[in-house]
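Heads up: the structure comes next, in structure tokens.
The values are calculated or read from the model by the stated rules, or taken from the named source; none is laboratory data. Remember, predicted model here, so these are calculated numbers, not experimental data. Neighbour counts run over all protein chains shown; Cβ positions are idealised from the backbone, glycine included. Just so you know, the surface numbers come from the protein's heavy atoms only, side chains and all, with ligands and any DNA or RNA stripped out. Shrake-Rupley method; radii C 1.70, N 1.55, O 1.52, S 1.80 Å.
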Amino acid sequence: AGIGKCVAMDLARRNARTILACRSRERGQAAVEEIRAATGNPAVLLRLLDTSSLASVRAFAQAVLREEKRLDVLVNNAGLTGLPFTITPEGLEQTFATNYLGPFLLTNLLLG
């Protein structure tokens with residue numbers, strides 16, 4: 001939704017292979033179908049990713065490195081605010097993990 005969906009739509013319009021990294025399979029698949037229909041680009045894919053979980057970030061990065069020949073652009077757009085204080089199963093504060101640690105780890109894992 002929001003900025004991430006707009007960026008994905010623009011990349012797909014430019015005929016880019018576009019991977020939507022989403023927490024929710026249902027919402028993500030709906031966005032994929034909407035973007036494919038609007039752009040005519042069949043190369044819009046859904047991959048599950050929860051940036052608050054470092055295990056999820058690692059699994060996502062491994063899959064991208066295994067499945068994709070190259071990665072030209074990475075848009076880190078996940079974020080949340082205003083939620084009550086929560087600790088993730090990995091012992092991290094959820095907002096900090098989602099907004100900072102997860103994207104930082106993802107970027108570093110995907111660097112050449």
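Restricting the first residue to the range 17-40 and requiring it to be closer than 26 Å to GLY102 by Cα, which pairs with a second residue that is outside any helix (DSSP H, G or I) and open to solvent by 90 Å² or more (accessible area, probe 1.4 Å) meet a Cβ separation below 9 Å and a spacing of at least six or different chains?
From residues that are closer than 26 Å to GLY102 by Cα, the pairs are ARG27/ALA1; ALA31/ALA1.
Take the residues in the range 22-45 that are among the basic types (Lys, Arg) and outside any loop (DSSP other than H, G, I, E, B), then tell me which one is least open to solvent (accessible area, probe 1.4 Å).
Filtering the range 22-45 for residues that are among the basic types (Lys, Arg) and outside any loop (DSSP other than H, G, I, E, B), the one least open to solvent (accessible area, probe 1.4 Å) comes out as ARG36.
Just give me the residues in the range 26-51 being among the charged types (D, E, K, R) and over 23 Å from LEU109 (Cα atoms), in sequence order.
GLU26, ARG27, GLU33, GLU34, ARG36 - these are the residues of the range 26-51 that are among the charged types (D, E, K, R) and over 23 Å from LEU109 (Cα atoms).
Each row is one residue, and each column tells you yes or no for (1) over 14 Å from the mean Cα position of the chain (by Cα); (2) in a helix (DSSP H, G or I); (3) outside the structural domain of GLY4 (by the TED database).
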position	(1), (2), (3)
SER56	no, yes, yes
ALA61	no, yes, yes
ARG66	yes, yes, yes
LEU74	no, no, yes
GLY82	yes, no, yes
GLY91	yes, no, yes
ASN99	no, yes, yes
LEU106	no, yes, yes
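For LEU54, are the conditions met, namely being among the hydrophobic types (A, V, I, L, M, F, W, C), touching an Asp or Glu at 6+ places or on another chain (Cβ under 7 Å) and either closer than 20 Å to LEU110 by Cβ or open to solvent by 40 Å² or more (accessible area, probe 1.4 Å) (or both)? If you could, list the steps in order and put the result at the bottom.
Numbers: among the hydrophobic types (A, V, I, L, M, F, W, C): yes; touching an Asp or Glu at 6+ places or on another chain (Cβ under 7 Å): yes; either closer than 20 Å to LEU110 by Cβ or open to solvent by 40 Å² or more (accessible area, probe 1.4 Å) (or both): yes.
Judged against the criteria, LEU54 is a match.
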